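Colleague: Sending over a structure as structure tokens; questions will come in a sec.
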Protein chains: 4
Amino acid sequence: MKIAVIGCGYWGPNLVRNFVQSNKVRELICCDLDQKRLDRMKNLYPSVNVLSDYKELLKVPDLDAVVIATPVKTHHPIAKEFLEQGKHVFIEKPLTHSYDTALELVKLAEEKKKVLMVGHTFEYTAAVNKIKDIVENGELGKILYVSCTRVNLGLFQPDINVVWDLAPHDISIIMYVLREYPVSVNSQGKAHFKPGIEDVATTTLNFKNGIVAFVHNSWLDPNKIRRTTIVGTKRMLVYDDVEPQEKIKIYDKGVEVPPYYDTYAEFQFSYRYGDIHSPRIDDYEPLKRESEHFLTCIQKGLCPLSDGYSGLRVVSVLEAASKSLKQNGKAVSIKGLKILAKKFRNNGNGFLMTNGWR
Amino acid sequence: MKIAVIGCGYWGPNLVRNFVQSNKVRELICCDLDQKRLDRMKNLYPSVNVLSDYKELLKVPDLDAVVIATPVKTHHPIAKEFLEQGKHVFIEKPLTHSYDTALELVKLAEEKKKVLMVGHTFEYTAAVNKIKDIVENGELGKILYVSCTRVNLGLFQPDINVVWDLAPHDISIIMYVLREYPVSVNSQGKAHFKPGIEDVATTTLNFKNGIVAFVHNSWLDPNKIRRTTIVGTKRMLVYDDVEPQEKIKIYDKGVEVPPYYDTYAEFQFSYRYGDIHSPRIDDYEPLKRESEHFLTCIQKGLCPLSDGYSGLRVVSVLEAASKSLKQNGKAVSIKGLKILAKKFRNNGNGFLMTNGWR
Amino acid sequence: MKIAVIGCGYWGPNLVRNFVQSNKVRELICCDLDQKRLDRMKNLYPSVNVLSDYKELLKVPDLDAVVIATPVKTHHPIAKEFLEQGKHVFIEKPLTHSYDTALELVKLAEEKKKVLMVGHTFEYTAAVNKIKDIVENGELGKILYVSCTRVNLGLFQPDINVVWDLAPHDISIIMYVLREYPVSVNSQGKAHFKPGIEDVATTTLNFKNGIVAFVHNSWLDPNKIRRTTIVGTKRMLVYDDVEPQEKIKIYDKGVEVPPYYDTYAEFQFSYRYGDIHSPRIDDYEPLKRESEHFLTCIQKGLCPLSDGYSGLRVVSVLEAASKSLKQNGKAVSIKGLKILAKKFRNNGNGFLMTNGWR
Amino acid sequence: MKIAVIGCGYWGPNLVRNFVQSNKVRELICCDLDQKRLDRMKNLYPSVNVLSDYKELLKVPDLDAVVIATPVKTHHPIAKEFLEQGKHVFIEKPLTHSYDTALELVKLAEEKKKVLMVGHTFEYTAAVNKIKDIVENGELGKILYVSCTRVNLGLFQPDINVVWDLAPHDISIIMYVLREYPVSVNSQGKAHFKPGIEDVATTTLNFKNGIVAFVHNSWLDPNKIRRTTIVGTKRMLVYDDVEPQEKIKIYDKGVEVPPYYDTYAEFQFSYRYGDIHSPRIDDYEPLKRESEHFLTCIQKGLCPLSDGYSGLRVVSVLEAASKSLKQNGKAVSIKGLKILAKKFRNNGNGFLMTNGWR
């Protein structure tokens, strides 16, 4: 296949490396407005071709797909042009900067019967897939709540706030593992350094089935924390992505509620403290699995695991969070619940890809 | 002095131990409805006297003060009876279960010229006082935000939710260290086990000067976490109360903003990563310092560090959080801002006690 | 029973507390040359009687047993006097300061048919007994080696070096868990502050069956470390006594050796990296279990778990270590191997006590 | 310069990468008996040339230097051939497999006036150089002892034991930081899997000035530990190379000895517990600095920081350790103390390179 990567700044080079090393890729074109970045790519991978203006790409013959890793607000216009031309499109997370633009791309991809995939990288990690298995096997019992902390010092984004930058990971992990999407969102935060660009925020996702998820994000924390706690009725799980050896710990702890009890009598819950178990997680590069998955979906006409609807769902939550931030943290309903719901049921048959549309 | 401790259940015995060991206390009376608890106290401290009904205490001659460690909803009626009789009163946190009842006790204590103190224990720890010094010395620069996590498995309270149980520590620490109180509060949470009693919640405090504080509390977390992060413009501080040796770490990290910059130009912040410093914290029992402080305030006619107004401020925040929880997390204004403000300025001359009213 | 505790300095008060609280003890006498310590004991436990000179104890009628927590070099003369009088004797670890004096006490106790017990406290902890179970169940496979680190800043002992102070814990744990004793010992160390009193040392125990144990002890380490690693052919275990929640971790890791292989061919071992499991450990005070065990052995005429022979074995290793330290670390054989061997087989029927001699 | 890397197995590719990226290198030749490894190198770095037999290299014209990363026992014969031909030589640690062969290379390099450098990588890390500064500035006071633990699961070496594999790092760090070399060595260990190849060992280095260093190495530990503790009279330092953020911690702790005291009186030391400080360590790849240093030394005719004598010193300690292992751990004197001493004084002017011999 002939593939182009548009945007070779911060994240792009990782995508370039993975696509260059794939034996499914015959030719790779790197595209960036900054000549220095193109030189850097050429230097690292002498086989790639380079182009400064992505408009030129539209004229390149036999191009199969484009991979977009540009600033968020440019995702939609660029992707639209290529989808309209009948190219397959991979977009870094978040899919676009608004629900409406995301939906437009989703519709366009369906109409053109092209693969539209979003880079929710964590859905391709061994740890998150292990957690998904544990949750689906019922080891944790009924899930009660999820709590995520994803903080560190930097990196300020020029055009999006900390929720749009960091929370897509948490939101996509939660929706992937729980196979549920929230119905409303609260978010409270503050922009300390750049007006209108919140650099710290706490977002609460409220799910229809009563599950609640708390997501704390910051660009201003002295420690790098990537921690997700999933509390179930039977067991509790902590996923610490910074921990090298024990990324997942399952705590055999819980609250024991007597089967029935006199509500007027004294309140009597007991606590269970059991063993802690840390399953072995295989090491592989999730980005490699993600990029291969995109190429496989193109070849076989499949719907990707993290398809346009998956991207749309995350954008819908982010848009609601932004609205809540502007309204002092009050609950804001998720847009497009019906669309999200229908496709969610169709899509997510676990890790296996669903059949395509062809 | 002759002192009575009412309520010898979960926390009461710690208060009994500290008051028994004080050389300022001549006689101590333990009061509890449960004879077994009284027997236990008598067994541990043979010199104490015991009483089952606190109403009997009202008839005891020469009683100087009462210490109340009963369920939260009984704080107000019990305290009121003793204040009306002209006794000094110490109440475990939170002061009472509502703003109005807390204010009534505060007014009554002023009128009767008696000491009213609330058990905000953390204000008496070496770590929190060290942090207060660091913040006041300007080592952290201007404070931007505070983030607190106080979670563990259990202990469910019968009559109050997790915010009323755990957040008083966080809220009192924040207000003590910052010498500011919030103007509005958001809180999102969920009651999984007992209807109406939230067992997990995230609360956001919004301060007039733009500081924001995030407080996450849970009775359902597999790990015991007590972590407070204070982010300033110059440095960042993490207080981890579970850590035995390095409770406080000061990170010489920050965001460097150029003095002025063209907003149309590319966004250029830089980051500073420097040394980490962990000051030595002296070890002592804060409860001992707290109980001695109460006795000293009685003897010298002083206003305690954690006086009734301090308790009122915390209750005011808790009440707003409860309202927010019932209104899907929307921002709720703090009640009684004027009263809180006036007294706040008068009171808190650092750690030294202000002069009394006599 | 009527019991006396001789030596109420550093460790003695813990023994006093546990014996005072036992319902098997009718009368407790505290004995110390320092009147201030006696006053302190009397103050904490008004029911105890006090005596300054232990010689006076020899005249006290109906005394059942003595508990000796004095400086190490006085263990032997004091214990000897009471054993000769037909009293049961408990001695803090190490049993005595030399093999010969330890053996003399052991023989004397046998002759007088009295209980002689040594305070190897760790043999009474839940963690060490859990480890013993795991090893005996074969979960770790054949044990290859043990590595222990027990270091911290202070506490210098006036009359014994760091090996005699800290290593008795490691040595007694190793021998208790493995049910083996070493045949020779190397020890290298240094006395930095007090001539002849080593403050840091590394001791190697060589067992007949090929197991080796490494023990590192220091009074000069900035961190408190209590860590024991047990490496088996099937699994590996780490016991970290400082860790509050995960004291024991079992690593399903190992080296896979092909069943047979051409030694001339390339060396091909593979590694297994599996799950990590941390079993729940019950919390109780080991000293309480230890003191009750002493009283039970007296009542029922049983041989204690940590009997005189157990103490003798540890002393024999310590004496060899001291010799090795004086001989630049060369291997020194353990004294009295035949005596140790015979009794070792008789005694240790797991955690259950063996029948006594009466 | 025209450089060849001999041995592209485990460590070689890292050397290839660094030399390829250096602008001082005009042509790089990779040499390995395994064609698959050569293909891999060619694939990663299309500009390199490849050769299977190193003997062919001897015929290559204009070759400036060779970098040897082959099994340890082949270091000496290969290096000798190239030194005799007048090539500069870099050898991975340890320099050779015996004192005599190492000394032969050192003499040969001196005679031929060629650079002989050994890959003591840690001497090029920011952390170790920071520690060297701290020690030389006297911040720790007089150094009392050093304790190192370097353990993990695997990697078994076919021809050398765990001391020769892992301890060179510890030994070179200790000698680099202290600027002292030991006079005798004890080592105790065990070969569990391959006869004669110890897989766990504890080695004690005894220095003339009374400093002692303990080094524990294992290929059979479930955890990866790289920890060095340096205890001084004024402060203590812990270097934990596995820790991402706080690699070095300086503890303001110590023992306070009264200036003079009556030795008959009670032993009275006191302890100081102060702040903990973790200096910021810059991040760079030490191997890059090491490889550049080799090239600079060639260009400018300088003696490298880790020159042949440095390699000889480490080999001398390793050889003594091997002898001690075969003699049940008894102390073995270091060979060639006079040679090591003379050159040690000449060489190590801190981090700056000394002038060359040209």
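Colleague: Return only the number of the condition from (1) within 14 Å of chain D (Cβ to nearest Cβ); (2) in contact (Cβ under 8 Å) with a residue 40 or more places away in the chain; (3) part of a loop (DSSP other than H, G, I, E, B) that C:VAL163 does not satisfy.
Modeller: Failed condition: (3).
Colleague: Cβ-Cβ distance below 7 Å, separation of 6 or more or different chains: which pairs start in region A:101-120 with a residue that is at positive phi and end on one that is not in a helix (DSSP H, G or I)?
Modeller: So the pair list comes out as A:LYS113/A:TRP357; A:LYS113/A:ARG358.
Colleague: Within region C:283-293, work out how many residues are more than 12 Å from C:HIS120 (Cβ to Cβ), out of contact with any helix residue (DSSP H, G or I) (no Cβ under 6 Å at 6 or more places or on another chain) and either modelled with pLDDT of 95 or more or part of a helix (DSSP H, G or I) (or both).
Modeller: 1
Colleague: I've got another one for you. For C:THR70, all conditions in the list (1) in contact (Cβ under 8 Å) with a residue 24 or more places away in the chain; (2) in a helix (DSSP H, G or I) hold save one; what is the number of the exception?
Modeller: Of the numbered conditions (1) in contact (Cβ under 8 Å) with a residue 24 or more places away in the chain; (2) in a helix (DSSP H, G or I), the odd one out for C:THR70 is (2).
Colleague: Of the residues that make up region C:228-241, is at least one among the polar types (S, T, N, Q) and farther than 30 Å from B:PRO222 by Cβ? So that I can check it myself, show each step before the final result.
Modeller: In the first step, residues of region C:228-241 are kept if they are among the polar types (S, T, N, Q); the result is C:228-229, C:233.
Subset that is farther than 30 Å from B:PRO222 by Cβ: C:233.
Yes, region C:228-241 has at least one match.
Colleague: Here's something else I'd like to know. Pick out, from region C:195-248, the strands (runs of 3 or more DSSP E) lying fully within it that include 3 or more residues that are out of contact with any Leu (no Cβ under 9 Å at 6 or more places or on another chain) and at negative phi.
Modeller: Values: elements: C:200-207, C:212-218, C:220-232, C:236-240.
The qualifying strands (runs of 3 or more DSSP E) are C:200-207, C:220-232, C:236-240.
Colleague: For region C:169-183, check the following and say yes or no: at least one residue is facing chain D (nearest Cβ under 9 Å) and either closer than 22 Å to C:GLY138 by Cα or crowded, with 21+ Cβ neighbours inside 10 Å (or both). Walk me through how you get there before you give the answer.
Modeller: Residues of region C:169-183 facing chain D (nearest Cβ under 9 Å): none.
There is no residue in region C:169-183 that is facing chain D (nearest Cβ under 9 Å) and either closer than 22 Å to C:GLY138 by Cα or crowded, with 21+ Cβ neighbours inside 10 Å (or both).
Colleague: If only one of C:LEU153, C:LEU166 is farther than 25 Å from C:ILE334 by Cα, in contact with a Lys or Arg (Cβ under 9 Å, 6 or more places away or on another chain) and hydrophobic (A, V, I, L, M, F, W, C), which one is it?
Modeller: Values: C:LEU166 fails: farther than 25 Å from C:ILE334 by Cα.
Within the list C:LEU153, C:LEU166, the selection yields C:LEU153.
Colleague: For the structure I just gave you, tell me whether B:LYS132 is surrounded by fewer than 24 Cβ atoms within 10 Å (Cβ to Cβ) and in contact with a Ser or Thr (Cβ under 8 Å, 6 or more places away or on another chain).
Modeller: Working: surrounded by fewer than 24 Cβ atoms within 10 Å (Cβ to Cβ): yes; in contact with a Ser or Thr (Cβ under 8 Å, 6 or more places away or on another chain): no.
No: the conditions fail for B:LYS132.
Colleague: For the list (1) modelled with pLDDT of 95 or more; (2) surrounded by 16 or more Cβ atoms within 10 Å (Cβ to Cβ); (3) not polar (S, T, N, Q), I need the number of the one condition that C:GLY86 fails.
Modeller: C:GLY86 satisfies all of (1) modelled with pLDDT of 95 or more; (2) surrounded by 16 or more Cβ atoms within 10 Å (Cβ to Cβ); (3) not polar (S, T, N, Q) except (2).
Colleague: Hey, another quick one. Suppose we keep only residues that are outside any helix (DSSP H, G or I), away from chain B (no Cβ under 14 Å) and not aliphatic (A, V, I, L, M) within region A:296-332. Which one would you say is nearest to the chain's Cα centre (by Cα)? Lay out the reasoning, then the answer.
Modeller: Here is the first cut: in region A:296-332, the residues outside any helix (DSSP H, G or I) are A:301-307, A:327-332.
Remaining after also requiring away from chain B (no Cβ under 14 Å): A:301-307.
Among the residues that remain, those that are also not aliphatic (A, V, I, L, M) are: A:301, A:303-304, A:306-307.
Details: A:GLY301: 22, A:CYS303: 16, A:PRO304: 13, A:SER306: 8, A:ASP307: 11 Å.
Here the residue is A:SER306.
Colleague: Return the only residue of D:ILE281, D:ILE276, D:ILE248 being within 10 Å of chain C (Cβ to nearest Cβ), surrounded by 18 or more Cβ atoms within 10 Å (Cβ to Cβ) and touching a residue at least 12 places away in the same chain (Cβ under 8 Å). Walk me through it before giving the result.
Modeller: Working: D:ILE281 fails: within 10 Å of chain C (Cβ to nearest Cβ); D:ILE248 fails: within 10 Å of chain C (Cβ to nearest Cβ).
When all the criteria are applied, what remains is D:ILE276.
Colleague: Next question. If the requirement is being of a type in the set (Phe, Trp, Tyr), touching a residue at least 24 places away in the same chain (Cβ under 8 Å) and either facing chain B (nearest Cβ under 7 Å) or buried (at least 24 other Cβ atoms within 10 Å of the Cβ) (or both), which of these qualifies: A:PHE207, A:PHE214? Please lay out each step first, then the result.
Modeller: Details: A:PHE207 fails: either facing chain B (nearest Cβ under 7 Å) or buried (at least 24 other Cβ atoms within 10 Å of the Cβ) (or both).
None of the others qualify; the one that does is A:PHE214.
Colleague: Would you mind telling me which numbered condition in (1) touching a residue at least 24 places away in the same chain (Cβ under 8 Å); (2) more than 21 Å from C:ALA109 (Cβ to Cβ); (3) assigned to a strand (DSSP E or B) C:VAL50 fails?
Modeller: It is condition (1) that C:VAL50 fails.
Colleague: Does region C:138-145 contain any residue that is closer than 19 Å to C:ILE276 by Cα, part of a strand (DSSP E or B) and within 11 Å of chain D (Cβ to nearest Cβ)?
Modeller: For region C:138-145, residues closer than 19 Å to C:ILE276 by Cα, part of a strand (DSSP E or B) and within 11 Å of chain D (Cβ to nearest Cβ): present.
Quick grid of which residues meet (1) aromatic (Phe, Trp, Tyr); (2) over 17 Å from D:LYS114 (Cβ atoms); (3) not in a loop (DSSP other than H, G, I, E, B):
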{"position": "D:LEU15", "(1), (2), (3)": "no, yes, yes"}
{"position": "D:ASN18", "(1), (2), (3)": "no, yes, yes"}
{"position": "D:ILE29", "(1), (2), (3)": "no, yes, yes"}
{"position": "D:LYS36", "(1), (2), (3)": "no, yes, yes"}
{"position": "D:ARG40", "(1), (2), (3)": "no, yes, yes"}
{"position": "D:ASN43", "(1), (2), (3)": "no, yes, yes"}
{"position": "D:PRO61", "(1), (2), (3)": "no, yes, no"}
{"position": "D:GLU81", "(1), (2), (3)": "no, no, yes"}
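Colleague: Still on this model: How many of the residues making up region A:223-240 are among the hydroxyl-bearing types (Ser, Thr, Tyr) and either at the interface with chain B (Cβ under 10 Å from one of its Cβ atoms) or farther than 11 Å from A:ILE131 by Cα (or both)? Reasoning before the result, please.
Modeller: Start the filter on region A:223-240 by keeping residues that are among the hydroxyl-bearing types (Ser, Thr, Tyr), which leaves A:228-229, A:233, A:239.
Next cut, either at the interface with chain B (Cβ under 10 Å from one of its Cβ atoms) or farther than 11 Å from A:ILE131 by Cα (or both) only: A:229, A:233.
Qualifying residue count, region A:223-240: 2.
Listed here are the residues, each with its yes/no results for (1) among the polar types (S, T, N, Q); (2) under 20 Å from the mean Cα position of the chain (by Cα).
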{"site": "B:VAL146", "(1), (2)": "no, yes"}
{"site": "B:ASP165", "(1), (2)": "no, yes"}
{"site": "B:HIS169", "(1), (2)": "no, yes"}
{"site": "B:ARG179", "(1), (2)": "no, yes"}
{"site": "B:GLY196", "(1), (2)": "no, no"}
{"site": "B:THR202", "(1), (2)": "yes, yes"}
{"site": "B:THR228", "(1), (2)": "yes, yes"}
{"site": "B:THR233", "(1), (2)": "yes, no"}
{"site": "B:ASP241", "(1), (2)": "no, yes"}
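Colleague: Any idea which of A:LYS55, A:LYS24, A:LYS93 is under 24 Å from A:HIS120 (Cα atoms) and surrounded by fewer than 18 Cβ atoms within 10 Å (Cβ to Cβ)? Steps first, please.
Modeller: Numbers: A:LYS55 fails: under 24 Å from A:HIS120 (Cα atoms); A:LYS93 fails: surrounded by fewer than 18 Cβ atoms within 10 Å (Cβ to Cβ).
Every option except A:LYS24 fails the conditions.
The values are calculated or read from the model by the stated rules, or taken from the named source; none is laboratory data. Values in this document were obtained by computation on a predicted structure and should not be read as measured data. Using ideal geometry, Cβ is built from the backbone for each residue, glycine included, and neighbour counts are taken over all protein chains shown.
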